[in-house]
Structures are given as C-alpha cells and as structure tokens.
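The next block holds one structure in the form of structure tokens; read it before the comments.
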Amino acid sequence: MKLACSSTAFDEQLRSGDLTQLEWIDACARELAADGIVFDVRHFPRTDTDYLAQLKKMAADLGLSVAAFRHDGFFSADSEHMEQALEMALALGAPLLAAPLPPLTAAAWNDVLERLGEATAFAKRFNVTLALRNEPHSFAAGVADMKRVTKEADSAWLRYGPDFDALEKGSDPEELLSKTVLVWQEFDRANEDRLRELFASYRGFLVLDAAEGNAGVQSMKKAVDRIWRLSHEI
C-alpha cells in the first residue's frame with residue numbers, strides 16, 4: 001500500500017493563502033515523505049495548460065505520484081464540465097478522478113444512471129478511471145448502493161474509492177475491495193485494525209484526508225509517521 005495526501009485536508013490554509021498549492025506539493029514530498037498527492041479541483045489558482053504542466057513536472061521532480069484528481073461535483077456537472085474535469089486529470093497525470101454521486105434529493109435514479117453512462121464514456125475516451133466515493137444520503141452511501149451503481153453502469157471505467165469508516169451502517173468493506181482503486185482515511189482517526197487488513201490485501205493509495213479541511217503540515221506529519229510505524233509492525 002502507498003500513502004498519499006489530499007489537498008482537501010489543507011483546505012483552510014489553501015483558501016486563506018497561508019499555504020500555496022506549490023508549497024503544499026513541496027511539503028508533501030519533503031516534510032511528509034508521502035508517496036503521492038491528490039489534487040482537489042477547488043485549490044487551483046489557475047487551470048491553464050502551462051500551470052497544470054508545471055504541477056505535473058514539480059510532482060515528478062519531487063518523486064511524487066499524482067494518485068488522483070478529486071472533483072466532488074463531477075457527476076452533477078453538464079457534459080462540457082465533465083470533459084473539462086477529465087482534461088485536467090489527464091494534464092496532471094492523474095489516472096483516477098474521485099467523486100461522489102449526487103444526494104438522493106437532487107435527482108432521480110434514472111437521471112443519475114444516464115449521467116453515469118455519459119461519464120464513463122468520457123472516462124474511457126480520456127483513459128481516466130472514475131473512483132466512486134461514498135457519501136451519506138447520496139446514491140452511493142453504502143456497499144449495496146455502490147455495488148448497484150457499478151452493476152447498472154456496467155463499465156470498466158467505474159471503480160470504487162471509498163472511505164470505509166464513512167460507509168452506511170451494516171456495510172462490509174470486504175465486498176468492495178476487488179474493485180477498489182483508492183481508499184480515503186481521515187488523518188486523525190486511523191482505524192488500526194482496518195489499516196492492518198489493508199496493508200495485507202490492498203496495493204493502491206491510502207489517501208489521508210480531513211473532512212473539515214483543518215489539517216496542518218505538522219499534524220499531518222504525525223499521522224503519516226503513525227501509519228508508517230504501523231506498516232512496519234506487520
């Protein structure tokens with residue numbers, strides 16, 4: 001298993017200007033010693049081709065993999081903005097785009113299924129796999145929901161990117177692992193038993209996140225160090 005940090009976790013500092021996107025990338029490599037990073041669409045001061053190329057090159061120079069591109073509004077976007085999101089992921093060198101489905105109150109299931117069909121067609125064209133995030137009160141809140149989505153969408157370009165601790169009550173994470181390409185974890189609430197299971201059976205990125213966006217470099221470093229120590233105990 002590899003370890004990545006999401007810019008989502010640093011939302012407060014990135015929005016206030018206390019931390020720039022470039023400084024965040026540098027900190028992930030030099031201070032956190034992470035394997036990879038996840039870009040959140042909300043944190044780009046610019047999205048022109050030159051700037052995206054600069055980010056990709058900087059990550060490569062620092063030995064960081066771009067694990068994914070997070071875009072929480074992707075499945076609610078129109079066709080033009082879906083394509084733009086996938087173009088950004090491609091320009092950044094992100095093999096995955098992570099997004100939740102809309103809330104249950106925002107759309108009908110048939111409409112969501114239609115959007116999924118369009119999204120997976122775009123994903124195939126851009127060669128970027130969609131990593132479905134679970135979200136409470138959405139069309140993908142638990143294991144049964146997520147399995148239904150991938151069954152009815154019937155596309156190799158739609159896989160799972162769960163936060164196991166946020167799954168609907170009664171869900172069994174083991175049922176998702178065969179199609180899981182990304183795992184999210186609140187950085188300050190590590191479930192050590194689950195992490196031990198992941199170290200034994202999962203080869204992708206564990207993404208450290210903070211739903212409140214209140215992580216700092218030092219608090220994240222403590223979490224990273226704790227997880228590395230745990231991995232060496234196994």
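Can you list the helices (runs of 4 or more DSSP H) lying wholly within segment 11-82 that have 1 or more residues being crowded, with 17+ Cβ neighbours inside 10 Å and of a type in the set (S, T, N, Q)? Spell out the reasoning first.
Details: elements: 11-16, 21-30, 49-61.
Hits in segment 11-82: 11-16, 21-30.
The residue list Leu86, Leu113, Leu97 contains one member that is at pLDDT 95 or above and either over 17 Å from the mean Cα position of the chain (by Cα) or part of a helix (DSSP H, G or I) (or both), which is Leu86. Note on segment 165-205: residues that are in contact with a strand residue (DSSP E or B) (Cβ under 7 Å, 6 or more places away or on another chain) and farther than 22 Å from Ala215 by Cα total 7. Per the conditions (1) surrounded by 15 or more Cβ atoms within 10 Å (Cβ to Cβ); (2) in a loop (DSSP other than H, G, I, E, B); (3) not polar (S, T, N, Q), the sole criterion not satisfied by Pro136 is (1).
Number of residues in segment 118-172 that are of a type in the set (Gly, Ala, Ser) and over 20 Å from Ala77 (Cβ atoms) equals 7.
Can you tell me which residue within segment 171-226, out of those that are of a type in the set (Ser, Thr, Tyr) and assigned to a loop (DSSP other than H, G, I, E, B), is farthest from Ile37 (Cα to Cα)?
Here is the first cut: in segment 171-226, the ones of a type in the set (Ser, Thr, Tyr) are 171, 178, 180, 201-202, 219.
With assigned to a loop (DSSP other than H, G, I, E, B) added as a condition, the list becomes 171, 202.
Values: Ser171: 28, Tyr202: 18 Å.
Result: Ser171.
Listed by first and then second residue, the pairs linking a residue in segment 137-152 that is under 17 Å from Arg115 (Cα atoms) to a residue that is of a type in the set (S, T, N, Q) and at pLDDT 95 or above, with Cβ atoms under 6 Å apart and 6 or more places separating them unless they lie on different chains, are Ala140/Asn134. Within the set Asp40, Asp48, Asp61, the sole residue that is over 19 Å from Ser138 (Cα atoms), of a type in the set (D, E, K, R) and either within 19 Å of the chain's Cα centre (by Cα) or at pLDDT below 95 (or both) turns out to be Asp40.
The values are calculated or read from the model by the stated rules, or taken from the named source; none is laboratory data. From a predicted model like this one, the values you see are computed outputs, not experimental measurements. Glycine also receives a Cβ, built like all others from the backbone with ideal geometry; neighbour counts cover every protein chain displayed.
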